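Trainee: My structure is below; once you've seen it, I'll send some questions.
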Amino acid sequence: MVARCPGISWDDLMASDTRGAPEFLKRDDYVYLGSEPLDVERYISPDVFRAECEKMWPQVWQFAAREEELPDPGDYVVYENAGRSYLVTRQQDGGVRAFYNVCLHRGRKLRTEDGCAADFKCPFHAFTWEIDGSLKDIPCRWDFPHLTDEKMQLPEATVARWQGFIFIREAKEGPSIEEYLAPLPAHFKDWHLEQCWTSIWVAKVVDANWKTTAEAFMEAWHTIETHPQLMDYLGDANTKYNIYGDNVNVALTPYITNSPHIPAGTLTEQQIADIAAERTGLDKMSGYERVIVKPGQTARQAMAEYNRQHYGTELGYDLSGVSDTEMVDLFTYNVFPNFSPWGGRSLNIVYRWRPWPDHERCLMEVRILSRAPAGEKPARAVPMHLLGEHEAWADAPELGRLGFIFDQDMFNLPFVQEGMKASKNRKLELGDYQESRVRHFARTLDKYLG
């Protein structure tokens with residue numbers, strides 16, 4: 001039995017909920033994966049990065065776009081990662097296909113930014129393809145008697161769709177998206193992220209390996225030093241960690257409750273609710289009314305009731321039977337290698353990390369999904385707000401107080417990357433439980449790299 005943090009546990013909180021939580025949130029699916037250190041080379045070596053590009057990225061399902069980014073026929077998203085470039089394109093029949101974003105004549109990229117098109121004409125010599133990838137026109141066709149329409153069909157990647165997310169995979173063979181994501185389809189079936197749209201989307205290039213950056217969001221206990229202002233209302237070390245197969249894990253972090261590092265009784269339940277509203281900016285939102293903690297009620301229970309109104313009744317959804325944990329807690333799922341959707345019925349954030357363009361930098365993206373009113377079609381996604389080199393996450397006003405929290409995380413990461421290069425023993429020592437998700441994905445990556 002691996003040690004757990006003393007004090008109130010995730011299971012204790014589940015038992016105190018006013019409505020029963022789904023069974024999968026109660027189960028303990030932690031797997032002990034050993035205590036051996038990780039080698040820093042996996043983060044700093046260009047050889048490891050090349051192996052990832054050759055052996056791993058082509059074989060895995062990658063989150064490429066959301067449905068609301070390309071709602072109409074001819075809409076396309078340029079998705080790029082690990083040296084590949086794709087045109088993820090909405091078809092006339094409503095389907096989605098992903099073509100390699102490369103002219104088959106002289107190799108120029110057909111598009112460099114998202115848009116809508118009746119066809120794909122190369123800006124170099126005007127070779128042109130229909131949006132279904134079939135050849136439309138070759139100027140001076142007389143000079144290309146050796147090229148047939150069949151030969152000039154744009155190559156394409158495999159596409160899959162789930163709850164508003166669009167995935168691509170370079171390899172033709174492999175597990176279905178449902179098999180790859182398991183158990184997400186079962187866990188998310190009542191959370192309906194297909195009802196949502198990308199209302200906020202901010203990204204920044206980080207001076208750290210994509211895994212270094214992703215792993216900073218795979219455990220909650222760094223809060224004690226990196227985010228001390230959260231400890232009054234975030235149960236960081238109470239977090240429950242579960243592991244599922246090779247591709248999925250989750251951190252279930254209690255919210256609107258003290259960190260176990262805060263002495264019991266330091267704050268009243270009303271103070272916890274008030275501090276959470278002030279420090280998250282909830283109290284500045286239009287229509288906000290103070291969350292009142294009734295006698296015998298916890299701050300967490302009171303906030304759950306507030307969220308049922310805010311995320312349910314106001315949007316036309318009946319959330320009266322939804323558990324407290326689904327209304328307030330943070331369910332940070334990770335899908336190998338670089339996709340992190342938050343579950344639940346309140347705050348649905350999505351992270352994605354991509355090499356940008358090498359082993360020493362990555363692009364981190366933060367999306368916030370908003371739910372459309374019941375019966376209405378989700379709105380078109382907002383465009384990505386790419387922060388400049390000298391801009392902070394807090395400079396993105398749409399993030400509100402979250403921007404400061406991301407800046408706290410990002411402050412560490414370049415120094416982690418530099419520190420690993422300077423390491424004498426070349427090893428990273430992980431906790432058995434709280435950093436089990438880091439070890440989990442390291443093992444999965446090793447299965448691809450051999």
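The values are calculated or read from the model by the stated rules, or taken from the named source; none is laboratory data. Treat the numbers as computed from the prediction; the structure is a model and nothing was measured. Heads up, the Cβs are rebuilt from the backbone with ideal geometry, glycines too, and the neighbour counts pull from every protein chain shown.
Trainee: Is at least one residue of region 89-112 farther than 16 Å from Glu170 by Cβ, touching a helix residue (DSSP H, G or I) at 6+ places or on another chain (Cβ under 7 Å) and in the same structural domain as Asp137 (by TED's automatic domain parsing)?
Mentor: Checked region 89-112: no residue is farther than 16 Å from Glu170 by Cβ, touching a helix residue (DSSP H, G or I) at 6+ places or on another chain (Cβ under 7 Å) and in the same structural domain as Asp137 (by TED's automatic domain parsing).
Trainee: Further, regarding this structure: For region 237-249, name all the residues that are at pLDDT 95 or above and either under 18 Å from Ala273 (Cβ atoms) or in contact with a helix residue (DSSP H, G or I) (Cβ under 8 Å, 6 or more places away or on another chain) (or both). Before you say what the answer is, go through the steps one by one.
Mentor: As a first pass, look at region 237-249 and keep what is at pLDDT 95 or above: 239-249.
Selection gives Thr239, Lys240, Tyr241, Ile243, Asp246, Asn247, Val248, Asn249.
Trainee: If you go through region 27-58 one residue at a time, how many are surrounded by fewer than 16 Cβ atoms within 10 Å (Cβ to Cβ), under 30 Å from Gly344 (Cβ atoms) and out of contact with any strand residue (DSSP E or B) (no Cβ under 6 Å at 6 or more places or on another chain)?
Mentor: Selection size over region 27-58: 3.
Trainee: While we're here: When you go through Ser370, Ser320, Ser346 one by one, which is the residue that is free of Cβ contacts under 8 Å to residues at least 40 places away in the same chain and surrounded by fewer than 22 Cβ atoms within 10 Å (Cβ to Cβ)?
Mentor: Result of the check over Ser370, Ser320, Ser346: Ser320.
Trainee: Right, next: State whether one or more residues within region 185-204 are farther than 23 Å from Arg66 by Cα, surrounded by 21 or more Cβ atoms within 10 Å (Cβ to Cβ) and touching a Pro at 6+ places or on another chain (Cβ under 7 Å).
Mentor: Of region 185-204, the ones farther than 23 Å from Arg66 by Cα are none.
The answer is no; no qualifying residue exists.
Trainee: With the condition being within 30 Å of Val48 (Cβ to Cβ), I'd like the helices (runs of 4 or more DSSP H) fully within region 210-290 carrying at least 1 qualifying residues. Break it down into steps so the answer makes sense when it comes.
Mentor: Working: elements: 210-215, 223-226, 269-280.
The helices (runs of 4 or more DSSP H) meeting that bar are 210-215, 223-226.
Trainee: Then there's this: In region 127-166, which strands (runs of 3 or more DSSP E) lie fully inside it and hold 2 or more residues that are within 30 Å of Ser340 (Cβ to Cβ) and hydroxyl-bearing (Ser, Thr, Tyr)? Give the steps one after another, and end with the answer.
Mentor: Details: elements: 128-130, 135-137, 156-162.
Correct list: empty, since no element meets the threshold.
Trainee: Further question on the same structure: Looking at (1) closer than 30 Å to Gln62 by Cα; (2) without any contact (Cβ under 8 Å) to a residue 40 or more places away in the chain, can you tell me which one Ala277 breaks?
Mentor: Result: Ala277 passes all but (1).
Trainee: For residues that are in contact (Cβ under 8 Å) with a residue 24 or more places away in the chain and over 26 Å from the mean Cα position of the chain (by Cα), scanning just region 285-304, find the one that is surrounded by the most Cβ atoms within 10 Å (Cβ to Cβ). Break it down into steps so the answer makes sense when it comes.
Mentor: So in region 285-304, the residues in contact (Cβ under 8 Å) with a residue 24 or more places away in the chain come out as 293, 297-304.
Imposing the further condition that a residue be over 26 Å from the mean Cα position of the chain (by Cα) reduces the set to 293, 297-299, 301-302.
Working: Val293: 21, Gln297: 16, Thr298: 20, Ala299: 26, Gln301: 22, Ala302: 21.
If we take residues in region 285-304 being in contact (Cβ under 8 Å) with a residue 24 or more places away in the chain and over 26 Å from the mean Cα position of the chain (by Cα), then Ala299 is surrounded by the most Cβ atoms within 10 Å (Cβ to Cβ).
Trainee: Which strands (runs of 3 or more DSSP E) does region 336-410 wholly contain that include 2 or more residues that are more than 23 Å from Asp114 (Cα to Cα)? Steps first, please.
Mentor: Details: elements: 339-343, 348-355, 362-371.
Qualifying strands (runs of 3 or more DSSP E): 339-343.
Trainee: Out of Glu179, Glu150, which single residue is surrounded by fewer than 22 Cβ atoms within 10 Å (Cβ to Cβ), in contact with a Leu (Cβ under 9 Å, 6 or more places away or on another chain) and free of Cβ contacts under 8 Å to residues at least 40 places away in the same chain? Steps first, please.
Mentor: Values: Glu179 fails: in contact with a Leu (Cβ under 9 Å, 6 or more places away or on another chain).
One residue alone meets the criteria, Glu150.
Trainee: Filter region 416-450 down to residues that are without any contact (Cβ under 8 Å) to a residue 60 or more places away in the chain and assigned to a helix (DSSP H, G or I) and give me whichever is nearest to the chain's Cα centre (by Cα).
Mentor: The qualifying residue nearest to the chain's Cα centre (by Cα) is Asp446.
Trainee: Mind listing whichever residues of region 3-20 are within 17 Å of Ala237 (Cα to Cα) and assigned to a loop (DSSP other than H, G, I, E, B)? Reasoning before the result, please.
Mentor: Step one: list which residues in region 3-20 are within 17 Å of Ala237 (Cα to Cα), which gives 3-14.
Correct list: Ala3, Arg4, Cys5, Pro6, Gly7, Ile8, Ser9.
Trainee: Also, I was wondering about something else. Take the conditions out of contact with any Pro (no Cβ under 8 Å at 6 or more places or on another chain) and more than 24 Å from Gly115 (Cβ to Cβ) and apply them to Gly321. Does it pass?
Mentor: Details: out of contact with any Pro (no Cβ under 8 Å at 6 or more places or on another chain): yes; more than 24 Å from Gly115 (Cβ to Cβ): yes.
Yes; evaluated as a whole, the condition is true for this residue.
Trainee: Considering each residue of region 21-69, count those that are among the aromatic types (Phe, Trp, Tyr) and part of a helix (DSSP H, G or I), and give that number.
Mentor: 4
Trainee: Moving to a separate point now. Would you confirm, using the coordinates I've provided, whether Arg352 is touching a residue at least 60 places away in the same chain (Cβ under 8 Å), crowded, with 19+ Cβ neighbours inside 10 Å and not β-branched (Val, Ile, Thr)?
Mentor: On the way: touching a residue at least 60 places away in the same chain (Cβ under 8 Å): yes; crowded, with 19+ Cβ neighbours inside 10 Å: yes; not β-branched (Val, Ile, Thr): yes.
In short, yes.
Trainee: Look through Ile168, Ile177 and report the one residue that is in contact with a strand residue (DSSP E or B) (Cβ under 7 Å, 6 or more places away or on another chain) and farther than 27 Å from Ser436 by Cβ.
Mentor: Details: Ile177 fails: farther than 27 Å from Ser436 by Cβ.
Ile168 is the lone residue from the list that is in contact with a strand residue (DSSP E or B) (Cβ under 7 Å, 6 or more places away or on another chain) and farther than 27 Å from Ser436 by Cβ.
Trainee: So which residues in region 167-184 are part of a loop (DSSP other than H, G, I, E, B) and out of contact with any Pro (no Cβ under 8 Å at 6 or more places or on another chain), if there are any at all?
Mentor: Step one: filter region 167-184 for residues part of a loop (DSSP other than H, G, I, E, B), giving 170-176, 182-183.
Passing the criteria: Lys172, Glu173, Gly174, Pro175, Ser176, Ala182, Pro183.
Trainee: Okay, next question. Among the numbered criteria (1) surrounded by fewer than 19 Cβ atoms within 10 Å (Cβ to Cβ); (2) touching an Asp or Glu at 6+ places or on another chain (Cβ under 8 Å); (3) touching a residue at least 60 places away in the same chain (Cβ under 8 Å), which single criterion is violated by Ala171?
Mentor: (2)
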